[in-house]
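Following: one structure in structure tokens, then a few remarks.
The values are calculated or read from the model by the stated rules, or taken from the named source; none is laboratory data. A quick note: this is a predicted structure, and the numbers were derived from the prediction, not measured. Note: ideal-geometry Cβ built from the backbone for every residue, glycine included; neighbour counts use all protein chains shown.
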């Protein structure tokens with residue numbers, strides 16, 4: 001062994017021992033000729049002393065050491081001098097006087113600091129992930145992940161489960177997200193798919209007689225990117241036979257209780273509370289509610305329907321019959337409110353910011369009323385008679401200094417989403433959330449299916465193998481939208497960490513479910529024939545659940561992003577910056593796989609395509625304009641036939657942490673000092689042409705105000721959102737897009753402030 005001890009285990013008990021340590025030079029300090037080095041490995045840090053009076057030759061070698069050099073030190077453990085101890089370190093009472101040193105590997109100057117206190121842009125961290133992982137917080141995160149996985153395995157082993165691996169190369173059965181496809185060399189024109197989950201295989205294991213299965217499974221989904229999603233992720237996969245919902249819930253509560261006890265030494269209270277889906281939506285607006293605080297939604301439709309406020313009355317009268325997933329009692333619009341207790345002091349500016357916030361979720365506005373000694377006050381109070389005002393105060397349990405927020409719309413989903421996320425935002429701003437508290441809740445009684453207007457068909461809320469409640473099987477023939485599912489999600493602090501269901505185990509019911517989802521017998525046979533075939537030979541009632549291991553570890557370690565608990569994650573663009581994946585492959589490899597590429601990888605067109613994809617997906621109206629090349633806001637306004645102020649200038653700024661995007665009106669100029677004050681960055685300057693191209697793939701003057709597509713934080717000046725219509729170059733000097741400003745805000749989700757001149 002090259003070492004006798006790690007850098008985290010020496011204590012007072014080891015004084016006068018001769019030891020050998022190995023690790024990285026974290027810091028070096030020269031105090032009056034004596035050199036002190038903090039030697040680091042994953043177990044901790046030990047202070048090593050190079051004293052010329054103790055060993056002159058070793059001291060000379062230490063003078064040459066640089067940061068992150070890998071060394072071996074042989075020396076004697078000594079007590080630190082009084083007053084020089086470091087109680088924050090397990091090794092803080094001792095130090096090692098070096099007798100001999102061996103340089104195992106010299107290090108170049110690191111591009112990032114191996115110190116969690118010094119922030120670096122995430123892309124830089126991912127580019128040099130092997131250095132980022134040396135940080136103590138990252139080592140803690142990865143070690144905690146190991147402990148969680150071990151606790152999970154130990155628990156299920158104690159409960160009689162078998163860990164069984166399922167295939168990674170399987171048949172493509174796309175349902176929901178897109179599959180990652182793997183071409184077959186020996187079967188030209190055919191493809192495997194990487195598993196989105198082991199769902200079908202674990203059901204087949206139940207048919208096979210393995211009544212208790214689990215797996216810590218790698219899963220892959222080629223889905224549209226969101227802030228905290230990964231194309232490959234890990235889930236705790238569970239399936240059981242001869243059980244019902246109560247058995248699954250009991251087992252999973254036991255697992256979570258065990259994990260929290262082992263990893264955090266915390267005893268979480270079980271059983272967890274349960275909340276029916278309809279009640280969750282009604283009370284919290286979302287099916288993944290954070291129940292650590294109040295600000296519950298209040299339905300005031302019946303109170304305000306006879307008011308003189310047309311914004312409310314028109315919304316109520318509008319039909320939402322297109323929302324076929326909603327019950328027949330919900331064919332008209334709705335008005336809901338939130339009582340923000342004690343928030344009547346909110347300024348107009350704050351209220352405007354919250355109005356922009358709810359716009360992200362489709363809300364056309366945010367009405368408000370303040371509660372004073374005299375009653376309700378706002379510009380809209382005059383449209384409500386005294387009786388209605390009293391009823392509103394009573395319904396909201398409103399007292400002096402409270403602030404009522406209202407959202408009205410024909411769509412119940414828009415109202416619930418807008419206020420559901422608003423209650424969370426208010427709780428964050430008011431610091432009502434206890435981040436040290438873990439609040440679990442089960443969401444049950446989900447709808448079995450929902451109608452998706454964009455696809456013009458019913459889709460499964462969970463997946464097509466979820467069983468309807470026994471009493472609702474008969475509804476599949478005539479009223480499938482009314483059927484409830486034997487499904488359950490587990491939510492922690494407003495985040496869904498797992499979901500599952502009792503499965504369909506009867507061939508006739510499964511075939512009927514496929515039919516409801518618009519799948520022909522031929523299509524069902526082609527995609528799932530092997531499963532239907534297996535069901536013919538005796539299938540036990542069964543069910544299960546899958547929990548996100550990445551998400552659980554992130555919440556245990558107090559991280560918002562799962563990228564912080566994955567050793568080598570992808571960025572928000574599904575790229576691995578460290579090894580530059582995905583990457584091109586050789587023509588020879590393509591030929592072996594019988595693949596021919598017939599597209600042109602043009603960055604500019606890719607940018608335009610991404611913009612179109614986003615707008616089309618969100619069903620946002622826009623106008624494409626082709627014109628002569630334009631390079632100034634004035635030129636652009638002339639060829640577009642728009643006002644100068646309606647154009648946008650999308651600028652890339654360089655900060656000490658990386659790049660951001662700032663967008664101002666074409667009639668304004670960027671005030672970089674104001675922007676710097678708003679963003680709190682210490683350094684800021686405009687990026688040069690090369691940097692703009694590197695970050696966006698576009699030339700200066702053609703960058704669209706879609707910094708989110710380039711993984712940038714985006715800031716909109718108020719001058720942009722004051723327009724009804726905005727226009728901008730769409731990655732090219734010859735193509736522009738015109739669209740509504742509020743729609744642009746919706747899809748980009750910028751921070752809105754004032755930083756123009």
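Data overview
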{"quantity": "Residue within the range 615-637 that is crowded, with 16+ Cβ neighbours inside 10 Å, at pLDDT 85 or above, within 33 Å of the chain's Cα centre (by Cα) and under 30 Å from residue 562 (Cβ atoms) present", "calculated": "yes"}
{"quantity": "Filtered residue count, the range 473-483, keeping only those that are farther than 8 Å from residue 449 by Cα and either within 30 Å of the chain's Cα centre (by Cα) or part of a strand (DSSP E or B) (or both)", "calculated": "0"}
{"quantity": "Residue selected from the range 275-295 under the condition in a loop (DSSP other than H, G, I, E, B) and surrounded by fewer than 17 Cβ atoms within 10 Å (Cβ to Cβ), by the criterion modelled with the highest pLDDT", "calculated": "292"}
{"quantity": "Filter result (loosely packed, with under 14 Cβ neighbours inside 10 Å and in a helix (DSSP H, G or I)) within the range 336-354", "calculated": "348, 349, 350"}
{"quantity": "Selection within the range 96-123 - assigned to a loop (DSSP other than H, G, I, E, B) and within 22 Å of residue 140 (Cβ to Cβ)", "calculated": "110, 112, 113, 114, 115, 116, 117, 118, 119, 120, 121"}
{"quantity": "Residue within the range 643-658 that is assigned to a loop (DSSP other than H, G, I, E, B) and touching a helix residue (DSSP H, G or I) at 6+ places or on another chain (Cβ under 7 Å) present", "calculated": "yes"}
{"quantity": "Strands (runs of 3 or more DSSP E) contained in the range 355-429 and holding at least 3 residues closer than 18 Å to residue 294 by Cβ and in the same structural domain as residue 297 (by TED's automatic domain parsing)", "calculated": "403-409"}
{"quantity": "Condition check for residue 668: surrounded by fewer than 18 Cβ atoms within 10 Å (Cβ to Cβ), on the phi < 0 side of the Ramachandran plot and not assigned by TED's automatic domain parsing to the domain that holds residue 363", "calculated": "no"}
{"quantity": "Residue check, residue 743 within 25 Å of residue 425 (Cβ to Cβ) and crowded, with 23+ Cβ neighbours inside 10 Å", "calculated": "no"}
{"quantity": "Qualifying residue in the range 316-328 (condition: crowded, with 17+ Cβ neighbours inside 10 Å, assigned to a helix (DSSP H, G or I) and at pLDDT below 95)", "calculated": "yes"}
